[in-house]
Amino acid sequence: YERPFSFDHPLRLYKGVWMSEKILRGTLVMQQCFKSRPTDIFLASFLKSGTTWLKAMIFSTLTRINCSLDKHPLLTHNPHQCVPFIEMQFATGRRQIVDVIPSPRVMSTHLPYFLLPDSITESCCRIVYIWRDPKDVIVSMWYFVQKILGGPDKMVTFDQFYEFFCQGLNSLGPIWNHILGYWEESKRRPEKILFLKYENILQEPVKYAKQLAHFIGCPYSETEENQRVVEQIVELCSIKKMKDFDVNKYGDLATSSTDVRISMAYFFRKGEAGDWKSHMTKEMAERLDTLMKEKFKGSGLQI
Ligand code: A3P
């Protein structure tokens, strides 16, 4: 195709997954060299599924004893600095960074489950997975790619982007295999993978912040003080607050596998459920829902 549909094009197909050459190279090195620690926590997600939000939530939950909220690291460091993408560090020659993070390390990945190093899948470290209605993922991704490439005239239209998405043609696509890979494993090993949905967290953030804390090994006991703390963390990590911090308004993503500048502001747009209704026709929405239903058939997973 003449016009790009991804910020990290050209994409290559590797074992059924579309990915940039740089990320693929990083992934292969990581599979050989990465050594997980039993206390490691990984946040795994497909792109545009709420990764930045969950990074902030996990980081602030884990550090809540040592960090007062008025001098919190998230006020001066963006969530991707606090919780680095592992494959990106390997893709850009900064793999030493992951070795010097003190335990318990929190790292994130956009890789599908089956491409994770054995050291992660076979150890007792934990994985939090967040997924989101793919219709909203497309919309979010389309805006994101547009911002990076410099506007709609530099890339495909929304309708073309949608077509590519339905063929699984986007970074780390197809999305259905990504979601299913983590879902199946979370059913087999619920103690290893916490499987969360963006829309559910939006509806009941305090409930899920508590569940998250329990899963990563720092639960809240039922006290009024703890209730106040969890509500403050939810507030600190809300899109309204986060998009207003200077570090997120004016800073850039610390490490990117692309040569283009990725501003942190691109990671905070609407933060809502159902924005697809303003971008897709009824037919487009139904077609994608039917596609997802077919892919999820028999798995017990529903959109
Ligand atoms: P929208 O483009 O639909 O607004 P990721 O972090 O995986 O790249 O996902 C980005 C999406 O998460 C964007 O969705 C962004 O606005 C949303 N988001 C970022 N921070 C958020 C927060 N604190 N709460 C809810 N949504 C958030």
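Restricting to region 249-272, and then to whatever is in contact with a Phe, Trp or Tyr (Cβ under 7 Å, 6 or more places away or on another chain) and closer than 23 Å to TRP131 by Cβ, can you tell me which residue is surrounded by the fewest Cβ atoms within 10 Å (Cβ to Cβ)?
Step by step, filter region 249-272, then rank; the result is ARG269.
With the checklist (1) away from the ligand (no atom under 16 Å from the Cβ); (2) within 20 Å of THR61 (Cβ to Cβ); (3) among the small types (Gly, Ala, Ser) in hand, flag the one item GLY300 doesn't pass.
(2)
So, of the residues in region 260-303 that are at pLDDT below 95 and β-branched (Val, Ile, Thr), which turns out to be nearest to the chain's Cα centre (by Cα)?
ILE262
Evaluate the following for GLN232: is it of a type in the set (S, T, N, Q), more than 16 Å from the ligand (Cβ to nearest atom) and either within 26 Å of GLN81 (Cα to Cα) or assigned to a loop (DSSP other than H, G, I, E, B) (or both)?
no
Consider VAL206 carefully, then state whether it is aliphatic (A, V, I, L, M), within 16 Å of the ligand (Cβ to nearest atom) and farther than 30 Å from PHE7 by Cα.
In short, yes.
For region 162-177, check the following and say yes or no: at least one residue is farther than 22 Å from THR27 by Cβ, within 14 Å of the ligand (Cβ to nearest atom) and touching a Leu at 6+ places or on another chain (Cβ under 9 Å).
no
For region 44-91: of the residues being β-branched (Val, Ile, Thr) and in a loop (DSSP other than H, G, I, E, B), which is surrounded by the most Cβ atoms within 10 Å (Cβ to Cβ)?
VAL83
From the list GLU235, GLU204, GLU185, exactly one residue is farther than 30 Å from LYS295 by Cα, of a type in the set (D, E, K, R) and surrounded by fewer than 21 Cβ atoms within 10 Å (Cβ to Cβ). Which is it?
GLU235
Would region 109-119 turn up any residue that is aliphatic (A, V, I, L, M) and not in a helix (DSSP H, G or I)?
Checked against the condition, which is being aliphatic (A, V, I, L, M) and not in a helix (DSSP H, G or I), region 109-119 yields at least one hit.
Just one of the numbered conditions (1) buried (at least 16 other Cβ atoms within 10 Å of the Cβ); (2) closer than 29 Å to TYR143 by Cβ; (3) among the hydroxyl-bearing types (Ser, Thr, Tyr) is not true of TYR220; which one?
(2)
Exactly one condition in (1) within 19 Å of SER49 (Cα to Cα); (2) of a type in the set (S, T, N, Q); (3) more than 10 Å from the ligand (Cβ to nearest atom) is not met by SER238; state its number.
Among (1) within 19 Å of SER49 (Cα to Cα); (2) of a type in the set (S, T, N, Q); (3) more than 10 Å from the ligand (Cβ to nearest atom), the lone unmet condition for SER238 is (3).
Going by what's in this entry, would CYS124 be described as away from the ligand (no atom under 16 Å from the Cβ), in a loop (DSSP other than H, G, I, E, B) and under 16 Å from LYS35 (Cβ atoms)?
yes
The values are calculated or read from the model by the stated rules, or taken from the named source; none is laboratory data. Computed from a predicted model, the values in this text were never measured in an experiment. For neighbour counting, all protein chains shown are included, and Cβ atoms are generated from backbone atoms with ideal geometry for every residue, glycine included.
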